[in-house]
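A short write-up of the structure that comes next.
The values are calculated or read from the model by the stated rules, or taken from the named source; none is laboratory data. Just so we're clear, the structure is a prediction, and the values are computed from it rather than from any experiment. Virtual Cβ from ideal backbone geometry, glycine too; neighbours counted across all protein chains shown. Surface areas here come from the heavy atoms of the whole protein model, side chains and all, with no ligands, DNA or RNA. Shrake-Rupley method; radii C 1.70, N 1.55, O 1.52, S 1.80 Å.
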Amino acid sequence: LTAGTLEDYNTMTASWGAMGEMWGVPSFHCVVRTNRYTLKYLDANDLFTVSFFDIGYKPALSFCGSNSGRDCDKAKETGLTPVFVSENGVEVTAFAEADMVLVCKKAYVQEMKPECFVDTENDEKWYSDKDYHYQYIGEIVKAFVKE
């Protein structure tokens, strides 16, 4: 999950998400905890990308999921190549090594709240520290697939 410009972006490995149709358009739904550095980039930009990699990139993705962009240059550390993707003149960062990239336009953002859990076991299991996610729904406006 990546947001920002080529000069100033951050990426993180995300395991939780879903694709489908929302409000009549193809959409990607993801969640990001408030302590993640990527959150500020998602909030500051209209677009974000979701990159899917082959299993050979697992070490790079593990690094991106366990290290903060506040403290290091993830692309430099992993060898991933950031590239611009443009949508209607707006540029967003993705990675050249990805097998598939979805470019998403933010459509909805909401903080998860404890009072909204119908199944309170999920609140207790996943949010014992009360570090709730923000939910993002993005309209998929472009998709790139390597052939």
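Within region 29-62, track down each residue that is within 21 Å of K142 (Cβ to Cβ), outside any helix (DSSP H, G or I) and open to solvent by 20 Å² or more (accessible area, probe 1.4 Å).
Within region 29-62, H29, N45, D46, S51, F52, F53, D54 meet the criteria.
Exactly one of (1) without any contact (Cβ under 8 Å) to a residue 24 or more places away in the chain; (2) touching a His at 6+ places or on another chain (Cβ under 6 Å) is unmet by G56. Its number?
With respect to (1) without any contact (Cβ under 8 Å) to a residue 24 or more places away in the chain; (2) touching a His at 6+ places or on another chain (Cβ under 6 Å), G56 is out only on (2).
Would you mention how many residues in region 99-126 are more than 17 Å from V32 (Cβ to Cβ), of a type in the set (V, I, T) and at pLDDT 95 or above?
Going through region 99-126 one residue at a time, the tally reaches 3.
Of all residues in region 29-54, how many are polar (S, T, N, Q) and within 8 Å of the chain's Cα centre (by Cα)?
Counting residues in region 29-54 that are polar (S, T, N, Q) and within 8 Å of the chain's Cα centre (by Cα) gives 2.
Name the single residue that is surrounded by the most Cβ atoms within 10 Å (Cβ to Cβ) among those in region 127-139 being at pLDDT below 95 and of a type in the set (D, E).
Top of the filtered list is D131.
Look at region 95-112 and say how many of its residues are part of a loop (DSSP other than H, G, I, E, B), under 25 Å from I55 (Cα atoms) and of a type in the set (A, V, I, L, M).
Here the count works out to 2.
Does region 101-116 include one or more residues that are within 23 Å of W23 (Cα to Cα) and without any contact (Cβ under 8 Å) to a residue 12 or more places away in the chain?
yes
Within region 73-87, is there a residue that is more than 19 Å from A14 (Cα to Cα), hydrophobic (A, V, I, L, M, F, W, C), modelled with pLDDT of 95 or more and outside any loop (DSSP other than H, G, I, E, B)?
no
Hey, among the residues in region 113-146 that are closer than 30 Å to F95 by Cα and assigned to a loop (DSSP other than H, G, I, E, B), which one's farthest from the chain's Cα centre (by Cα)?
K146
So which of K142, K113 ends up being open to solvent by 30 Å² or more (accessible area, probe 1.4 Å) and either of a type in the set (G, A, S) or more than 25 Å from Y57 (Cα to Cα) (or both)?
Working: K142 fails: either of a type in the set (G, A, S) or more than 25 Å from Y57 (Cα to Cα) (or both).
None of the other options fit; the residue is K113.
Can you tell me which of (1) in contact with a Phe, Trp or Tyr (Cβ under 8 Å, 6 or more places away or on another chain); (2) open to solvent by 50 Å² or more (accessible area, probe 1.4 Å); (3) of a type outside the set (F, W, Y) is the one N67 doesn't meet?
(1)
Quick test of your reading of the structure: P26 fulfils all but one of (1) more than 11 Å from the chain's Cα centre (by Cα); (2) open to solvent by less than 40 Å² (accessible area, probe 1.4 Å); (3) closer than 27 Å to M112 by Cα. Name the failing condition by number.
For P26, the exception is condition (2).
Any idea which of E97, E77, E21, E91 is open to solvent by 60 Å² or more (accessible area, probe 1.4 Å) and in contact with a helix residue (DSSP H, G or I) (Cβ under 7 Å, 6 or more places away or on another chain)?
From the options E97, E77, E21, E91, the qualifying one is E77.
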